[in-house]
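The values are calculated or read from the model by the stated rules, or taken from the named source; none is laboratory data. The structure displayed is predicted, hence computed values, not measured ones. Ideal geometry is used to build each Cβ from the backbone, glycine not excepted, and the neighbour counts take in all protein chains shown. Accessible surface areas use protein heavy atoms only, side chains included; no ligands, DNA or RNA. Shrake-Rupley method; radii C 1.70, N 1.55, O 1.52, S 1.80 Å.
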Amino acid sequence: MTHEQFEKAANYWKNKEQTAMPEEELKQAVEAYIRTNNTCALATGTGDYVRCTPIEYSYHDDRFWIFSEGGEKFIGLEKNENVCLAIYDKYDGFGSLKSLQVMGKVKLIEPFSDTYNAHAKVKGIPIEALKKLESPMNLICVTPVRIEALFSEFKESGYSSRQTLEYFQNRD
């Protein structure tokens with residue numbers, strides 16, 4: 001492919017006419033989908049290194065929370081706070097597409113801090129059990145910057161199947 005062909009492909013959705021859904025309705029649909037799932041693909045990277053890890057998440061306080069023992073995803077997390085996570089249903093045809101891509105910023109939560117302990121409580125994990133581990137579990141917090149939803153069912157309400165939620169980047 002030429003550079004122009006790559007550029008055209010990359011801008012496909014930006015150039016496509018869209019019928020936007022009201023933001024609050026979209027946010028409710030997106031958060032309902034997030035809450036009906038608990039597994040995502042978390043993409044991290046730095047330089048020419050990329051990693052995509054299937055991993056369990058929780059969602060509360062408008063953020064994704066991921067406990068992890070460790071692994072190569074931390075190569076990217078050390079040097080790049082930008083991540084992407086994907087949540088999706090099994091492909092069953094164009095009429096039943098349902099997926100999210102979440103671009104976000106990562107923060108690693110200090111083990112046994114108030115935030116860490118609060119999330120452990122949400123997950124139902126006793127702090128004492130976490131303290132007995134050989135090394136503390138890492139807690140990854142992903143704050144969404146942009147969520148792109150592709151839900152075929154949006155068309156039934158007269159909206160485009162692809163919708164985007166933008167978030168303020170400097171949320172606490």
(request) Considering only residues that are of a type outside the set (F, W, Y) and within 14 Å of the chain's Cα centre (by Cα), look in region 62-81 and name the one that is nearest to V50 (Cα to Cα). (result) E81
(request) Return yes or no: is V102 part of a strand (DSSP E or B) and touching a residue at least 12 places away in the same chain (Cβ under 8 Å)? (result) yes
(message) Quick check on region 129-172: of everything there that is over 21 Å from the mean Cα position of the chain (by Cα) and closer than 29 Å to E78 by Cβ, which residue is surrounded by the most Cβ atoms within 10 Å (Cβ to Cβ)?
(response) L130
(message) Given the condition in contact with a His (Cβ under 6 Å, 6 or more places away or on another chain) and closer than 14 Å to V142 by Cβ, answer yes or no: does some residue in region 59-69 qualify?
(response) yes
(message) Given (1) in contact (Cβ under 8 Å) with a residue 24 or more places away in the chain; (2) surrounded by 13 or more Cβ atoms within 10 Å (Cβ to Cβ), identify the lone condition not met by C52.
(response) (1)
(request) Could you list all residues from region 18-35 that are open to solvent by 100 Å² or more (accessible area, probe 1.4 Å) and in contact (Cβ under 8 Å) with a residue 40 or more places away in the chain? (result) E23
(request) Could you check A43 against (1) farther than 27 Å from N138 by Cα; (2) open to solvent by 30 Å² or more (accessible area, probe 1.4 Å); (3) hydrophobic (A, V, I, L, M, F, W, C) and say which number it fails? (result) (1)
(request) Look through region 82-112, keep the residues that are under 20 Å from M137 (Cβ atoms) and open to solvent by 40 Å² or more (accessible area, probe 1.4 Å), and return whichever of them is nearest to the chain's Cα centre (by Cα). (result) K107
(request) Having 2 or more residues that are modelled with pLDDT of 95 or more, of a type outside the set (A, V, I, L, M, F, W, C) and in contact with a Leu (Cβ under 9 Å, 6 or more places away or on another chain) is the bar; report the strands (runs of 3 or more DSSP E) wholly within region 1-79 that clear it. (result) 39-46, 49-56
(request) Answer yes if at least one residue in region 76-98 is touching a strand residue (DSSP E or B) at 6+ places or on another chain (Cβ under 6 Å), farther than 14 Å from L42 by Cα, touching a residue at least 12 places away in the same chain (Cβ under 8 Å) and polar (S, T, N, Q), and no otherwise. (result) no
